[in-house]
Amino acid sequence: MQRHTLTPRPNWQSTVEQQGLTFHTPENLPPGARPYWDESACYEFTAAEIDRLEAAANELQEMCLAAAQNVIDNQRYAELEIPAEAIPMIEWAWNEEPPALYGRFDILWNGEGPPKLLEYNADTPTSLLEAAVIQWYWLKDVYRDADQFSSLHEKLIAKWKDDASYLERPVYFASTAFPEDLLTVAYLRDTAEQAGLQTRQLLMEDIGWNEPRQCFVDTDPAENQIKSIFKLYPWETMLDESFAEPMLRTYQEMRWIEPIWKLLLSNKGILPILWELYPNHELLLESHFVADASGWQPAPGWIRKPMHSREGSNITLTTSAGESIATEGPYVNRLQIDQRLGPETKFPDGTAAPRYPVLGLWMVDQECAGMGIREDAGPITGNLSSFVPHFFR
């Protein structure tokens with residue numbers, strides 16, 4: 001695994017915009033900061049390293065499913081901050097096995113030793129278009145004789161085809177109005193349409209509830225009933241909102257992707273359970289539930305995370321030397337876990353500051369289907385961390 005510095009392609013901004021990536025550079029980017037899509041660098045792997053990462057992700061998937069079963073068998077929902085009213089539908093969906101489309105393992109690795117699991121974005125992962133499409137076209141322009149770990153596009157289309165008989169048309173695709181969410185959903189919608197499905201797109205806030213008919217409806221004047229829906233919106237947030245009660249009551253009558261049992265895996269609480277089930281496993285970092293979160297920071301060499309959090313928010317990292325790094329965010333007064341820091345993973349950049357990559361290993365239909373890499377100037381990956389392409393030989 002090597003990091004290379006490159007000269008970006010001429011007019012790269014218009015190139016990626018034509019391919020669908022419209023938020024390649026954040027507004028008001030500070031001087032010296034990297035754009036979101038950053039092709040001034042890339043990562044090179046060997047074929048053997050890619051095989052190792054793929055095998056690790058597939059093994060982690062099996063381990064995570066076993067951990068979810070452990071939560072269900074032992075009724076450990078309160079440990080994961082999951083409300084009691086959601087339990088019947090989680091268990092129903094787990095037993096009925098409705099389609100689960102995708103997820104993304106965030107992995108710490110520098111090419112030496114075993115890869116280490118940071119967390120599993122099993123419910124609302126983003127950066128999908130970048131991993132499946134944008135970096136592939138970059139590869140064809142820059143490293144034509146090389147390959148890339150990505151079969152995402154083909155496998156997503158195949159998965160929609162497999163699930164076509166289960167889904168009632170049209171399949172709705174919903175998200176917030178954030179550009180990244182809209183783009184991710186638009187891309188997934190495109191893969192569904194390439195699989196032959198009729199689709200429609202709307203915002204989560206525009207989903208209506210028809211009280212007399214007892215169903216969710218779209219924005220059409222006729223208020224068409226929504227029967228199948230992909231939502232890029234966290235289940236734990238949905239359960240906090242006003243439509244949670246009718247959503248749970250009608251859950252069995254709709255087709256939700258991702259299914260509600262993904263609450264078990266998108267939850268940081270699955271990490272201590274994995275450590276309990278597979279102590280000292282080479283792919284895991286030691287993790288424990290925080291019994292008393294009144295302390296303002298974790299012990300040296302540990303990182304503290306809220307059970308439910310996104311994009312590096314509300315994290316406190318304490319280095320082995322005792323230096324504390326903390327991020328702000330909305331996930332306050334939540335249950336937390338402590339996770340031991342992994343081996344230091346940073347690469348020189350030709351500048352004074354090194355770069356810290358996180359490897360996103362994408363799962364489609366329970367199998368690893370590709371990789372995308374985010375990197376930052378610090379060890380915590382956040383919303384503005386750059387996406388950097390990769391290749392292997």
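The values are calculated or read from the model by the stated rules, or taken from the named source; none is laboratory data. Model, not experiment: these values are computed from the prediction. FYI the Cβ positions are ideal-geometry reconstructions off the backbone, even for glycines, and counts take in every protein chain you see.
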Say whether the condition of being hydroxyl-bearing (Ser, Thr, Tyr) and either over 15 Å from residue 257 (Cβ atoms) or modelled with pLDDT under 95 (or both) is met by at least one residue in the range 198-221. yes
Have a look at 129, 65, 53 and point out the one that is assigned to a helix (DSSP H, G or I) and in contact with a Cys (Cβ under 9 Å, 6 or more places away or on another chain). 53
Does any residue in the range 45-57 that is closer than 14 Å to residue 114 by Cβ come within less than 8 Å, Cβ to Cβ, of a residue that is among the β-branched types (Val, Ile, Thr) and outside any helix (DSSP H, G or I) six or more places away or on a different chain, and which pairs are these? 53/107; 56/107; 57/107
Residues located in the range 246-259, provided they are assigned to a helix (DSSP H, G or I) and touching a residue at least 40 places away in the same chain (Cβ under 8 Å): 248, 251, 252
Residues (touching a Pro at 6+ places or on another chain (Cβ under 7 Å), crowded, with 19+ Cβ neighbours inside 10 Å and either assigned to a loop (DSSP other than H, G, I, E, B) or free of Cβ contacts under 8 Å to residues at least 24 places away in the same chain (or both)) located in the range 311-328: 314, 316, 318
If you go through the range 124-139 one residue at a time, do you hit one that is over 21 Å from residue 16 (Cβ atoms), hydroxyl-bearing (Ser, Thr, Tyr), out of contact with any helix residue (DSSP H, G or I) (no Cβ under 7 Å at 6 or more places or on another chain) and loosely packed, with under 15 Cβ neighbours inside 10 Å? no
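The rows are residues; the columns are (1) in a loop (DSSP other than H, G, I, E, B); (2) in contact with a His (Cβ under 8 Å, 6 or more places away or on another chain); (3) without any contact (Cβ under 8 Å) to a residue 60 or more places away in the chain.
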{"position": "138", "(1), (2), (3)": "no, no, no"}
{"position": "144", "(1), (2), (3)": "yes, no, yes"}
{"position": "157", "(1), (2), (3)": "no, no, yes"}
{"position": "162", "(1), (2), (3)": "no, no, no"}
{"position": "165", "(1), (2), (3)": "yes, no, yes"}
{"position": "174", "(1), (2), (3)": "no, no, yes"}
{"position": "177", "(1), (2), (3)": "yes, no, yes"}
Name the single residue that is modelled with the lowest pLDDT among those in the range 355-379 being in a loop (DSSP other than H, G, I, E, B) and closer than 18 Å to residue 37 by Cα. 378
So, residue 331, is that one of a type in the set (Phe, Trp, Tyr), in a loop (DSSP other than H, G, I, E, B) and either under 21 Å from residue 274 (Cβ atoms) or out of contact with any helix residue (DSSP H, G or I) (no Cβ under 8 Å at 6 or more places or on another chain) (or both) or not? yes
Tell me the residue from 49, 96, 44, 59 that is surrounded by fewer than 21 Cβ atoms within 10 Å (Cβ to Cβ), under 17 Å from residue 281 (Cα atoms), at pLDDT 95 or above and not aromatic (Phe, Trp, Tyr), please. 59
Mind listing just one residue for me: the one in the range 287-316 that is aliphatic (A, V, I, L, M) and at pLDDT 90 or above and, of those, farthest from residue 387 (Cα to Cα)? 290
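Yes/no per residue for (1) in a helix (DSSP H, G or I); (2) within 30 Å of residue 59 (Cβ to Cβ):
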site: 229; (1), (2): no, no
site: 241; (1), (2): no, no
site: 261; (1), (2): yes, yes
site: 267; (1), (2): no, yes
site: 281; (1), (2): no, yes
site: 284; (1), (2): no, yes
Looking across the range 99-120 at residues that are under 26 Å from residue 153 (Cβ atoms) and of a type outside the set (A, V, I, L, M, F, W, C), the single one that is modelled with the lowest pLDDT is 99
